[in-house]
Amino acid sequence: MSLFAEQNVIGALITDPECLSQVYDRLQPEMFTDGIMGLAYVEFLRGYDNEYTVNLVVLGERLMGSGYPRDIVMRELKECVAAMSVSAQIGSYADMMIAEYRSRELGRILQSVRPDAAAVNQQIGQLMQQLEALQEGGKASSKPLSDIARENECLYFCERAQGKLNLGFPKLDDLLGGLEGGDVIVIGARPAVGKSAFVTQIASSLSKQGKRIGFYNLEMQEKQVYERFLVAQSGISLTRLRRAVRFLGDEKERFLQANEALKKQDNIVISTGSKTVSEIRHESRHMGYDVIIIDYLQLLRSDVTYRGNRYAEVGAISKAVKALAMELNVPIIALSQLNRLSEVRENKEPTMAELREAGDIEQDASVIMLLWNLSQENRSRKGCKIEKQRQGGTGKVVLEFNGDLMRFEESEQSVKEAQKWADQEDDDCPFT
């Protein structure tokens with residue numbers, strides 16, 4: 001019965017995508033027992049959230065990238081259309097699926113209980129909590145520490161790189177130990193230091209690792225974001241790309257190769273324009289992102305009006321971003337502007353107290369990373385420090401920045417050595 005109901009639901013959606021509104025809030029992807037149909041339902045949810053049409057062609061392309069051969073995908077989807085009776089009955093078939101899902105979950109919950117007279121009251125309480133959550137269509141939000149310990153004990157003192165995200169900078173990754181779901185990583189810098197180029201490079205690195213990235217750029221147009229990725233991929237300078245009227249040397253080959261590579265990077269999803277955290281949540285909750293990047297925090301709009309209290313507004317936005325990271329169980333990398341206080345210091349090194357317009361960011365962030373120019377005359381050398389890390393230590397790294405190619409590389413110098421070198425450069429400059 002479950003497979004028959006699943007076929008009718010997917011067949012109805014293929015025939016009439018508008019009928020998704022009847023089951024959107026009730027039917028979840030995990031309720032499908034068939035892998036292809038579960039993935040197809042996710043694609044319909046994504047299309048509904050992001051306002052694009054999903055049809056057989058789109059499903060064939062998207063699901064083929066999930067490891068299923070195209071002919072098998074198309075055959076199964078056509079069987080769904082053939083099995084479907086009336087699209088108006090999608091609600092009834094969804095009810096069947098929900099009932100069968102609850103039945104499976106009930107069996108799993110009951111089988112997991114091993115009655116123990118010494119802890120029977122706790123077991124009954126936990127069982128009641130799980131059953132009530134199942135009845136209400138959710139999951140229990142609390143569990144005993146003993147269960148958490150049993151679930152996680154095998155994750156330590158072993159090879160466990162899988163599941164962690166690396167930024168693509170070996171020294172920084174060594175300091176961070178990888179990013180995990182629920183983390184909020186705030187990268188702060190003054191304007192024009194290169195923080196947007198920095199996260200663009202991080203996004204490219206994550207993409208090469210096979211990760212899926214939601215990239216919310218709130219200060220650039222799509223074309224400008226594309227140019228940055230193209231420059232990083234081709235090695236053609238941004239100035240040259242934007243101003244040249246004809247190719248020179250091997251530029252045409254490099255441009256075409258880079259563009260072809262970008263055409264295949266459908267695991268980086270770009271969204272531009274003004275957003276609230278609620279809009280990002282709505283757009284991203286079914287997208288299967290491994291990481292979300294927000295450029296930048298102070299450009300997010302609040303869902304609530306704070307009547308000119310900008311500090312309270314940014315604080316609420318910061319808490320909403322943290323809640324989103326926890327809800328979706330993905331790390332969120334959010335850029336932040338810094339205020340001008342660091343510029344009055346001799347070495348220009350910022351602290352997290354200078355995150356613009358919000359002390360709440362300091363509290364909500366799992367990691368705070370700060371960038372600054374080591375030299376005011378030679379801005380290709382940047383300081384980068386982990387100022388806060390909830391699950392690890394702090395440290396500093398020197399980055400070399402090629403502004404025309406929008407590329408950062410880690411230096412072998414320490415920040416202390418690089419700062420001394422930078423001070424000498426600034427002293428030697430006749431205009432300082």
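Summary table below
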| read-out | value |
| --- | --- |
| Extreme residue, nearest to Gln22 (Cα to Cα), among residues of the stretch 87-125 that are open to solvent by less than 60 Å² (accessible area, probe 1.4 Å) and acidic (Asp, Glu) | Glu100 |
| First in the stretch 128-151 and at pLDDT 70 or above, second anywhere and open to solvent by less than 50 Å² (accessible area, probe 1.4 Å) and assigned to a helix (DSSP H, G or I), Cβ under 6 Å, 6 or more apart | Gln130/Ile109; Leu134/Glu105 |
| Condition broken by Met84, with the remaining ones in (1) touching a residue at least 24 places away in the same chain (Cβ under 8 Å); (2) within 25 Å of Asn267 (Cα to Cα); (3) open to solvent by less than 40 Å² (accessible area, probe 1.4 Å); (4) out of contact with any Pro (no Cβ under 8 Å at 6 or more places or on another chain) satisfied | (2) |
| Residue count for the stretch 29-61, restricted to those that are part of a loop (DSSP other than H, G, I, E, B) and either surrounded by 16 or more Cβ atoms within 10 Å (Cβ to Cβ) or of a type in the set (Ser, Thr, Tyr) (or both) | 6 |
| Filtered residue count, the stretch 325-348, keeping only those that are in a helix (DSSP H, G or I) and aliphatic (A, V, I, L, M) | 5 |
| Qualifying residue in the stretch 281-304 (condition: more than 19 Å from Asn217 (Cα to Cα), more than 21 Å from the chain's Cα centre (by Cα) and in contact (Cβ under 8 Å) with a residue 12 or more places away in the chain) | yes |
| Condition met for Ile317 (open to solvent by less than 30 Å² (accessible area, probe 1.4 Å) and either over 20 Å from Gln221 (Cα atoms) or not in a strand (DSSP E or B) (or both)) | yes |
| Enumeration of residues in the stretch 289-304 that are crowded, with 16+ Cβ neighbours inside 10 Å and not charged (D, E, K, R) | Tyr289, Val291, Ile292, Ile293, Ile294, Tyr296, Leu297, Gln298, Leu299, Leu300, Ser302 |
| Failed item, numbered, when Ala203 is tested on (1) closer than 30 Å to Leu355 by Cβ; (2) touching a Phe, Trp or Tyr at 6+ places or on another chain (Cβ under 7 Å); (3) open to solvent by 20 Å² or more (accessible area, probe 1.4 Å) | (3) |
| Residue among Asp49, Asp34 that alone is under 16 Å from His282 (Cβ atoms) and in contact with a helix residue (DSSP H, G or I) (Cβ under 8 Å, 6 or more places away or on another chain) | Asp49 |
| Which listed residue is within 30 Å of Glu313 (Cβ to Cβ), open to solvent by 30 Å² or more (accessible area, probe 1.4 Å), basic (Lys, Arg) and touching a helix residue (DSSP H, G or I) at 6+ places or on another chain (Cβ under 9 Å), from Arg242, Arg281 | Arg281 |
| Scope the stretch 213-225; condition touching a residue at least 40 places away in the same chain (Cβ under 8 Å) and over 13 Å from the mean Cα position of the chain (by Cα); matching residues | Leu218, Glu219, Met220, Gln221, Glu222, Val225 |
| Boolean, Phe198 is crowded, with 21+ Cβ neighbours inside 10 Å, over 15 Å from the mean Cα position of the chain (by Cα) and not aliphatic (A, V, I, L, M) | yes |
| Count - residues of the stretch 52-81 that are of a type in the set (A, V, I, L, M), touching an Asp or Glu at 6+ places or on another chain (Cβ under 8 Å) and touching a residue at least 24 places away in the same chain (Cβ under 8 Å) | 3 |
| Filter result (open to solvent by less than 60 Å² (accessible area, probe 1.4 Å) and of a type in the set (D, E, K, R)) within the stretch 1-28 | Glu6, Asp16 |
| All positions within the stretch 321-358 that are of a type in the set (A, V, I, L, M), under 26 Å from the mean Cα position of the chain (by Cα) and open to solvent by 60 Å² or more (accessible area, probe 1.4 Å) | Met326, Ala353 |
| Test: Gly210 is out of contact with any helix residue (DSSP H, G or I) (no Cβ under 8 Å at 6 or more places or on another chain), open to solvent by 30 Å² or more (accessible area, probe 1.4 Å) and without any contact (Cβ under 8 Å) to a residue 40 or more places away in the chain | no |
| Residue that is least open to solvent (accessible area, probe 1.4 Å) [pool: residues in the stretch 245-263 that are charged (D, E, K, R) and under 23 Å from Ser196 (Cβ atoms)] | Arg254 |
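The values are calculated or read from the model by the stated rules, or taken from the named source; none is laboratory data. Nothing here was measured: the structure is a model prediction, and the numbers come from that model. Neighbour counts run over all protein chains shown; Cβ positions are idealised from the backbone, glycine included. Each accessible area value is taken on the protein alone, full model and side chains, heavy atoms only, with ligands, DNA and RNA left out. Shrake-Rupley method; radii C 1.70, N 1.55, O 1.52, S 1.80 Å.
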